[in-house]
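So the structure is just underneath, and the comments pick up after that.
The values are calculated or read from the model by the stated rules, or taken from the named source; none is laboratory data. This structure is a prediction, so every number in the text was calculated from the model and none was measured. Note that each Cβ is placed from the backbone with ideal geometry, even for glycine, and that neighbours are counted across all protein chains shown.
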């Protein structure tokens with residue numbers, strides 16, 4: 001199988017290019033490779049993108065849980081190891 005290697009400016013290999021017919025043979029043999037084609041890298045989501053996605057009730061419950069957890073943490077006995 002003729003492969004092409006892509007390198008950076010220092011000569012380090014950064015990618016491999018294989019002929020499409022070889023890729024098709026590989027994906028027929030190993031079907032899980034097809035998922036690489038179907039799942040493009042998704043952009044990271046900022047927390048602010050979720051604004052307005054939760055009900056006020058759910059948001060309040062979450063804030064209360066965090067506050068209670070913080071209080072439990074602050075009230076624990078200080079044990080030194």
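(1) under 30 Å from residue 5 (Cα atoms); (2) out of contact with any helix residue (DSSP H, G or I) (no Cβ under 8 Å at 6 or more places or on another chain); (3) at pLDDT below 90; (4) surrounded by 10 or more Cβ atoms within 10 Å (Cβ to Cβ): which one isn't true of residue 58, the others all being true?
Exception for residue 58: condition (1).
Pull out all pairs, ordered by first then second residue, where Cβ-Cβ is under 8 Å, the residues are six or more apart or on different chains, the first lies in segment 29-47 and is surrounded by 10 or more Cβ atoms within 10 Å (Cβ to Cβ), and the second is at pLDDT 80 or above.
Close Cβ pairs satisfying both conditions: 33/26; 33/27; 34/27.
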